[in-house]
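K.L.:
Structure in structure tokens, see below.
A short reminder: the numbers here are calculations on the coordinates, not readings from a lab. Keep in mind that what you see is a predicted model, and the values were worked out from it rather than measured. Neighbour counts run over all protein chains shown; Cβ positions are idealised from the backbone, glycine included.
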């Protein structure tokens with residue numbers, strides 16, 4: 001088990017990590033529905049077919065958008081897609097006082113790496129009450145040049161920009177196990193925020209995951225107390 005006492009940096013995923021998996025069905029469910037609508041409109045197919053395409057591209061190409069850009073670049077505007085699918089209601093999210101307090105107590109550099117849009121990440125963080133803690137420290141799919149995680153280039157761009165070491169000084173937290181397989185994250189402390197999403201075959205990725213958590217604030221507290229010893 002990798003030593004958490006050495007940690008000086010944390011890279012958080014957004015959906016299902018900075019906001020807990022319990023909100024995924026409500027919040028990301030809206031995003032998914034908007035994706036279906038967008039695909040149906042742009043590819044001129046019914047919603048059943050659009051949903052099939054959406055799921056197929058997600059599993060084959062890591063995000064539905066990436067699949068659309070690979071297979072239908074003449075019909076898809078990536079920026080338009082991101083704006084359309086993230087035009088949702090964020091009211092289900094609540095202030096997370098415990099998470100904010102633990103983030104403030106940590107003597108650690110924190111960052112957010114998301115396959116979604118920066119606007120979406122900020123909107124989520126505002127509802128939780130932590131957006132000020134990540135100001136200027138978010139990289140999204142646009143910053144990743146539309147190469148979604150786990151493409152090693154996406155995380156490398158972030159580490160290069162912010163001078164984040166790719167060793168055990170850095171914790172990388174994801175809700176999708178596959179994203180932890182990024183070659184850039186090979187020597188980081190890799191953490192899976194557990195959930196029951198179908199994409200997460202933990203048996204397949206068990207050798208990649210260093211820690212499995214179900215409460216982000218408690219995990220941050222664990223890191224803090226270990227470092228204070």
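K.L.:
Compare 30, 14, 145 in a GNM of the chain, Cα atoms joined below 10 Å, and give the one with the largest fluctuation.
P.N.:
In the Gaussian network model the winner is 145.
K.L.:
Report, in whole Å, the centroid distance computed from the Cα atoms of region 100-169 and region 1-27.
P.N.:
The two parts, judged by their Cα centres, are 11 Å apart.
K.L.:
List, largest first, the extents of the alpha carbons of the chain along their principal axes, each in whole Å.
P.N.:
Principal-axis extents of the chain (Cα, largest first): 60, 35, 33 Å.
K.L.:
Hey, another quick one. Between residue 119 and residue 229, what FRET efficiency follows from the Cβ-Cβ distance if R0 is 45 Å, with the result rounded to 0.05?
P.N.:
The value I calculate is 0.65.
K.L.:
Sort 90-98, 2-10, 187-195, 34-42 by packing, meaning the average of other beta carbons within 10 Å per residue, with the highest value first.
P.N.:
187-195, 34-42, 2-10, 90-98
K.L.:
Then there's this: Beta carbons within 10 angstrom, averaged per residue: use that to sort the peptides 207-217, 115-125, highest first.
P.N.:
The most tightly packed comes first, giving 115-125, 207-217.
K.L.:
Here's something else I'd like to know. Taking springs between alpha-carbon atoms closer than 10 angstrom, which of 109, 101, 174 fluctuates most in the Gaussian network model of the chain?
P.N.:
Looking only at 109, 101, 174, the biggest GNM fluctuation is shown by 101.
K.L.:
Please state the shape class of region 154-229: rounded when a/c is under 1.5, otherwise prolate if a/b exceeds b/c and oblate if not, all from the C-alpha gyration tensor.
P.N.:
oblate
K.L.:
What translational D, rounded to a whole number of µm²/s, comes out for region 1-90 from Stokes-Einstein when the hydrodynamic radius is the Kirkwood one over Cα pairs, at 25 °C and 0.890 mPa s?
P.N.:
167
K.L.:
Using label points projected 7 Å from each Cα along Cα→Cβ, tell me how many nm separate residue 95 and residue 214, to one decimal.
P.N.:
Computed distance between label sites residue 95 and residue 214 equals 2.8 nm.
K.L.:
Which of 218, 155, 82 moves most in a GNM of the chain, Cα contacts under 10 Å?
P.N.:
For the chain, modelled as a Gaussian network with Cα springs under 10 Å, the answer is 218.
K.L.:
Moving to a separate point now. Measuring from label point to label point, each 7 Å out along Cα→Cβ, what is the residue 187 to residue 55 span in nm?
P.N.:
Here the modelled spin labels are 4.1 nm apart.
K.L.:
Note the direction-averaged projected area, equal to a quarter of the hull surface, for the Cα convex hull of region 78-122, in nm².
P.N.:
4.1
K.L.:
Hey, what number do you get for the chain at 222 nm if only DSSP H runs of n ≥ 4 count, each worth -39500 (n - 2.57), divided across all residues, to the nearest 500?
P.N.:
Value at 222 nm, helices only: -12000 deg cm²/dmol.
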